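Bear in mind these aren't lab numbers, they're just calculated from the coordinates by the rules spelled out. This is a predicted model, so every value here is computed, not measured. All Cβ positions, even for glycine, are placed from backbone atoms using ideal geometry, and neighbour counts span all protein chains on display.
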Amino acid sequence: MSDGVVSVSDATREQLSRADEHSAHNYSPLPVVIESGAGSWVKGIDGVDYLDVLAGYSALNFGHAHPALVRVAREQLGRLTLTSRAFQHDRFASFCEDLSRLCRKEAVLPMNTGAEAVETALKLARKWGYDSKGVPPGRAEVITCAGNFHGRTISIVGFSSDPDAYAGFGPFPAGFASVEYGNAAAVEAAITENTVAVLLEPIQGEAGVLVPPPGYLAAVRDICTRRGILMIADEIQSGLGRTGDTFACDHENVTPDVYVLGKALGGGLMPVSAVVADWSVMAVIGPGQHGSTFGGNPLACAVGSAVVDLLETGEYQQRSRELGAYLHSMLSQLPPGHVSEVRGRGLWAGVQLADGMPSARTICERLLARRVLAKDAHEGTIRIAPPLVIERDELTWAVEQLADALAE
Ligand SMILES: *Cc1c(COP(=O)(O)O)cnc(C)c1O
């Protein structure tokens with residue numbers, strides 16, 4: 001882990017400009033082209049090793065190419081990968097049992113991407129509202145939170161408060177209200193006789209790793225119970241070890257009615273997502289009413305079960321707790337002239353740049369030159385979410401690079 005500064009290689013530039021010619025410009029990636037990865041490190045085509053402290057937005061909680069996950073996936077790849085849900089396969093029952101056990105819930109509905117799982121949870125909540133609560137047909141409402149990020153489908157961007165996400169993509173489905181994040185009284189005030197659910201992130205990731213005030217999740221849980229509506233926790237980014245517990249809701253001993261999971265559930269190998277709930281909710285969906293060609297496929301189930309195995313050791317949650325405390329103690333020592341606030345929990349931090357500092361994007365470019373891969377969240381925030389397998393000295397080095405990049 002040397003402290004030299006690297007510049008963008010010709011080979012990297014060439015790949016980036018070729019990609020620009022034939023790929024939609026819906027991202028603006030940092031100038032690095034990665035060819036391999038192991039643990040917390042990736043190698044660029046420039047031959048340089050980079051420390052990955054983004055971890056695929058928490059899809060890579062177990063690092064790149066985790067040996068246990070790769071072994072299971074390889075074995076499954078050569079045996080059976082897809083049956084469709086028209087036929088049962090021999091990994092399905094175990095995966096649903098495993099994930100139910102991890103969530104302390106009764107039933108799993110497997111999908112692929114996070115956005116699909118959020119859509120699934122919304123469909124589930126609406127149908128539950130009509131079937132179990134007697135909401136008049138077509139009138140179900142779901143309360144969402146300002147600053148949310150739940151994915152990119154039309155209905156999801158329709159209740160985003162980020163113009164980049166929604167502008168130009170309407171018309172949007174009706175039936176969504178939006179309230180201030182972190183304000184439980186606002187949730188209660190927005191409930192009508194047609195409200196079926198509250199959808200929230202226990203920590204808002206894309207918004208800049210915003211941690212709600214203590215007691216918020218427990219208060220929302222209480223409101224949902226009292227008013228007879230569902231609490232849906234989108235734990236796609238916050239769940240599966242990231243915050244130092246299996247779920248971010250665990251920090252307030254809160255159990256939502258519905259978990260929405262994705263990202264790390266696929267072990268960084270493939271998209272695997274799921275909605276997890278008790279039968280009192282899940283039973284409203286019958287054959288033919290929802291589905292996915294790839295959801296719950298044998299490869300996804302094998303990998304998903306292996307991910308649950310890793311989480312059931314408790315090792316990753318503990319690493320996130322201990323190394324997270326260390327990370328936050330180091331970040332809190334960055335000069336106030338550079339950093340105005342550090343938010344987050346476990347191995348997850350949003351570093352808010354002080355007024356007058358360069359953009360978070362610029363700092364991330366400087367970090368790239370120092371061989372650390374990080375990503376800006378909203379304008380002034382640098383998001384740090386390394387793989388949970390990162391070592392303490394690697395974390396120290398990454399924060400030193402950040403301090404240097406801020407001082408540059
Ligand atoms: C990433 C993310 C999603 C969307 O997941 P995709 O797999 O990109 O569709 C939804 N919710 C949260 C909180 C996320 O972080």
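Amide H contacts under 5 Å for Leu54: Ala385, restricted to partners 5 or more places along the chain or on a different chain, H placed in the peptide plane at 1.01 Å from N.
Residue exposure proxy: Val72, Val5, ordered by other Cβ atoms within 10 angstrom of their Cβ from fewest to most, comes out as Val5, Val72.
Would you kindly derive the ³J(HN,Hα) couplings of segment 249-261 from the backbone phi angles with the Karplus curve 6.51 cos²θ - 1.76 cosθ + 1.60 (θ = phi - 60°), listing them in order in whole Hz, with x for Gly and Pro? Each residue of segment 249-261 in turn: 5, 4, 4, 10, 6, 9, 10, x, 6, 9, 9, 10, 10 Hz. Computed from backbone phi with θ = phi - 60° and the Karplus coefficients 6.51, -1.76 and 1.60, the 3J(HN,Hα) list for segment 62-76 is 9, x, 6, 6, 4, x, 5, 6, 5, 4, 4, 5, 4, 4, 6 Hz; x is used for glycine and proline. About its Cα centre, the chain has a charge dipole of approximately 960 debye under the convention of +1 per Lys or Arg Cβ and -1 per Asp or Glu Cβ, with nothing else charged. Backbone amide hydrogens, once placed in the peptide plane, bring Leu230 within less than 5 Å of Ala197, Val198, excluding anything fewer than 5 places away on its chain. Close amide H pairs (under 5 Å, H built 1.01 Å from N) link Ser178 with Thr144, residues at least 5 positions away or on another chain. Sorted ascending by nearby beta carbons within 10 Å, beginning with the fewest, Tyr181, Tyr166, Tyr316 become Tyr166, Tyr181, Tyr316. Listed by chain and number, the lysines whose C-alpha is less than 29 Å from the C-alpha of Lys133, apart from same-chain residues fewer than 8 away, are Lys105, Lys123. For the chain, give the share of DSSP beta bridges that are antiparallel, in percent and rounded to the nearest 5; count only bridges with both residues there. Of all bridge pairs located within the chain, approximately 65 percent are antiparallel. For Lys127, the aspartates and glutamates whose Cα falls under 17 Å of its own Cα, not counting residues fewer than eight places away in the same chain, are Glu116, Glu119, Glu141, Glu193, Asp257, Asp278. Diffusion of segment 67-312 by Stokes-Einstein, at 37 °C in a medium of 0.692 mPa s and with Rh set to the Kirkwood radius over alpha-carbon pairs, works out to 180 µm²/s. Placing unit charges on each Cβ (+1 for Lys and Arg, -1 for Asp and Glu) gives the chain a dipole about its Cα centre, and among Val118, Ser23, His378 the Cα reaching farthest toward its positive end belongs to Val118.
Computed from backbone phi, the HN-Hα couplings of segment 205-211 come to x, 5, 5, x, 6, 8, 9 Hz, rounded to whole numbers (Karplus: 6.51 cos²θ - 1.76 cosθ + 1.60, θ = phi - 60°; Gly and Pro given as x).
For the chain, the relative contact order is 23 percent, taking Cα pairs closer than 8 Å that sit 6 or more residues apart in sequence and dividing their mean separation by the residue count. If you average the C-alpha positions of segment 332-408 and of segment 286-318 separately, how far apart do those two centres end up, in angstrom? Value for the Cα centre distance between the two parts: 32 Å. Ranked by how many other Cβ atoms sit within 10 Å of their own Cβ, fewest first, the residues Glu379, Glu206, Glu106 fall in the order Glu379, Glu106, Glu206. Candidates Thr153, Ile236, Ala86 compared by Cα position along the dipole of segment 67-312: farthest toward the positive end lies Ala86, with charges placed on Cβ.
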